[in-house]
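These notes concern the structure reproduced below.
The values are calculated or read from the model by the stated rules, or taken from the named source; none is laboratory data. In this text the structure is predicted, and so the values were computed from the model without any measurement. Cβ placement follows ideal geometry from the backbone for every residue including glycine, while neighbour counts extend to all protein chains displayed. Surface areas here come from the heavy atoms of the whole protein model, side chains and all, with no ligands, DNA or RNA. Shrake-Rupley method; radii C 1.70, N 1.55, O 1.52, S 1.80 Å.
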Amino acid sequence: MKKKEFNRMVFKDLNPILKEQGWIGRYLNYFMVKDNVVRAITMHVKESERKFCIEIGIHFDFLSLKRRILPFNISTSYFDYKNRLTPNGESDYWWDFPKDENESKLLIREIITMIPEKLEQDFENYESW
């Protein structure tokens, strides 16, 4: 699978689920505003290795961002607080591109389950310090 095919897979399989949950965005960047908290999901792709990682971030809208951006350009790169989404608690994890449609659906299901759990866990950790 090449990056272009990966982007299509994300758009076809992941995008509708994220939109249904209230996320805004497309392809590799999504965000959601809840009260005064902006949550973001950014996917980074290593095409040469056929791998990708997912970064999640939290930003309080009353704080200024590193630079002024338009809402649809929001990504975790502008946030001070961000973390990698990892299945086993590692600090860094890169998933392999799925090999077929069945593998894609399983991977999407795994990721969709992990996102809210990780965001809430990270947010609670951030609140308590």
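The distance linking the stretch 80-94 with the stretch 1-41 is 17 Å (Cα centroid to Cα centroid, whole angstrom). In this simple spin-label approximation, N88 and K2 carry label points 7 Å from Cα along the Cα→Cβ vector, and these lie 3.2 nm apart.
Once all protein chains are placed together, V10 keeps about 0 Å² accessible to a 1.4 angstrom probe. For K118, a cut-off of 19 angstrom between C-alpha atoms picks up these aspartates and glutamates, skipping any fewer than 8 places away in its own chain: E20, D35, E55, D80, E90, D92, E110, E127.
Given in Å, the Rg to one decimal and the Dmax to the nearest whole number for the Cα atoms of the stretch 10-55 are 11.8, 39.
For C53, the shell of other residues with beta-carbons less than 12 Å away shows a net charge of -1, using +1 for Lys and Arg and -1 for Asp and Glu.
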